[in-house]
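Everything on this sheet refers to the single structure shown next.
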Amino acid sequence: MTQAPATVDELGLQGCLYLWALLTAQDRRLPVAPTRRMALVVLAALHECGVIAVADADSDWELKPDVRISPIEGFQWRLTWTVYEPRLLTTALEDYFDTLERDDYLTAVRLRLWTELGSAEAEHFFEQQLVKHKFPAEWAQDMAFAYREKTPTLTIAQWRYCAWAAVRRGASMALQQSPQAEGLREAIYQEIRCRAVSVARGVWGGCSFPPHNPQPDNALGRGFVHHLTKLGLLYWTGWPSVETLIQSELSLARR
C-alpha cells in the first residue's frame, strides 16, 4: 500500500470517482458498480492508495466502530483517509469534479472509464436475462470477452439487445433439449458474437435496448454521467469515443 494522497487532486480523477461512488452507494442504497467484480476493483484501488481499509480475516474487524457495509453488495470497509472531514468529503469530491479541465489527458481517462463501464453495464444486463431464463448467473462474465472483441463498435444499448437476443436463443434451444444440456453456454456466447457483428454492420435496424430510466442504477455510473460527462442518454446510446464526449458537452453548452 502506498502513502495516502494529500489532496483530492493527488487522488486523481479515477480515484475521486471511485471514492464518490463508494460513499454515494452507502448514502443512497445503491450498488457501487454495475457488477460485483467491478465493485471489487473499486475497493481494491482505494485500498491500494490508502484511502480505505477493507476487512482483514486476522483482525477484530467487527469490533471497529467506524466499519461500513455497502448496502447492496455487503462489502465491509472503513474510511482511513483523514485529509478531509468525513461528512464534507462528498462535497470536496464534487467541487473537484466541477473544476476539472477538459484537456486531452482527462478526456482519454473519461473514455477509458466509459469503455469499462460499458462492458460492466452490458454484463449486468446479460446476467439479469440469464437469471430470468434460469441459466447460471456466472455465465454473464462471457460478455466481457465479446465486448472486448468489438469495442467501441457498439453502444451499451446495442450490447443489451445482443444479450437479450442471445439468451432468448438459448432459452429456445433449452426447450428443445434440456436446460442443463451441454453446449448451451457456448451457443449463447456465440450468438452474442454473431449478433454483435450483424448489428455493427447495420444488417438490422432498431437493435438497441436503452433502459426506460436513463439514469444508471449504480453509483459509479451515476457519478460518471452526472459529474464527469454531459452524456445523459448518450451514455447508453452513444458510441464510446472522444468525439461523442466532446459533442455532448458542446451540445449542452449551446442550449
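The values are calculated or read from the model by the stated rules, or taken from the named source; none is laboratory data. Just so you know, these numbers come straight off a predicted model, no measurement behind them. In this analysis, Cβ positions are derived from the backbone assuming ideal geometry, glycine residues included, and neighbour counts consider all displayed protein chains. With ligands, DNA and RNA removed, areas are computed over all heavy atoms of the protein, side chains included. Shrake-Rupley method; radii C 1.70, N 1.55, O 1.52, S 1.80 Å.
Things to note:
- Being more than 26 Å from ALA45 (Cα to Cα), modelled with pLDDT under 95 and in a helix (DSSP H, G or I) is a property that holds for SER172.
- A Cβ distance below 7 Å, combined with a sequence gap of six or more or placement on separate chains, defines the contacts here; from the range 204-216, residues that are farther than 19 Å from THR229 by Cα reach no residue that is at pLDDT below 95 and assigned to a loop (DSSP other than H, G, I, E, B).
- Restricting the range 55-81 to residues that are farther than 24 Å from PHE224 by Cα and among the hydrophobic types (A, V, I, L, M, F, W, C), the residue that is modelled with the highest pLDDT is VAL67.
Here's the yes/no breakdown for (1) of a type in the set (A, V, I, L, M); (2) under 14 Å from the mean Cα position of the chain (by Cα):
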{"residue": "THR107", "(1), (2)": "no, no"}
{"residue": "ALA120", "(1), (2)": "yes, yes"}
{"residue": "VAL131", "(1), (2)": "yes, no"}
{"residue": "MET143", "(1), (2)": "yes, yes"}
{"residue": "ALA174", "(1), (2)": "yes, no"}
{"residue": "ARG195", "(1), (2)": "no, no"}
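- Scanning the range 27-41 for residues that are open to solvent by less than 50 Å² (accessible area, probe 1.4 Å) and part of a helix (DSSP H, G or I) returns MET38, ALA39.
- Number of positions in the range 88-103 that are exposed (fewer than 11 other Cβ atoms within 10 Å of the Cβ) and either at pLDDT 90 or above or among the small types (Gly, Ala, Ser) (or both): 3
- Which numbered condition LEU154 fails, given (1) surrounded by fewer than 21 Cβ atoms within 10 Å (Cβ to Cβ); (2) touching a residue at least 60 places away in the same chain (Cβ under 8 Å): (1)
- Residue within the range 157-168 that is over 27 Å from GLN14 (Cα atoms) and over 23 Å from the mean Cα position of the chain (by Cα) present: yes
- Against the numbered list (1) at negative phi; (2) open to solvent by 20 Å² or more (accessible area, probe 1.4 Å), GLY183 comes up short only at (1).
- Residues that are charged (D, E, K, R) and either in contact (Cβ under 8 Å) with a residue 12 or more places away in the chain or open to solvent by less than 60 Å² (accessible area, probe 1.4 Å) (or both) within the range 1-26 comprise just one, ASP9.
- Only one entry of PRO136, PRO86, PRO65 meets the criterion of being touching a Lys or Arg at 6+ places or on another chain (Cβ under 9 Å) and not polar (S, T, N, Q), and that entry is PRO136.
- Flag not set for PHE125, criterion: at pLDDT 90 or above, within 20 Å of the chain's Cα centre (by Cα) and open to solvent by 50 Å² or more (accessible area, probe 1.4 Å).
Conditions tested, residue by residue: (1) more than 28 Å from LEU234 (Cβ to Cβ); (2) β-branched (Val, Ile, Thr).
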position	(1), (2)
VAL83	yes, yes
LEU88	yes, no
ASP95	no, no
ASP98	no, no
GLU149	no, no
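- Scanning the range 104-122 for residues that are open to solvent by 50 Å² or more (accessible area, probe 1.4 Å) and either free of Cβ contacts under 8 Å to residues at least 60 places away in the same chain or not hydrophobic (A, V, I, L, M, F, W, C) (or both) yields ASP104, TYR105, ARG112, GLU116.
- Members of the range 213-247 found to be in contact with a Ser or Thr (Cβ under 6 Å, 6 or more places away or on another chain), part of a loop (DSSP other than H, G, I, E, B) and farther than 19 Å from GLN158 by Cβ, listed by number: LYS230
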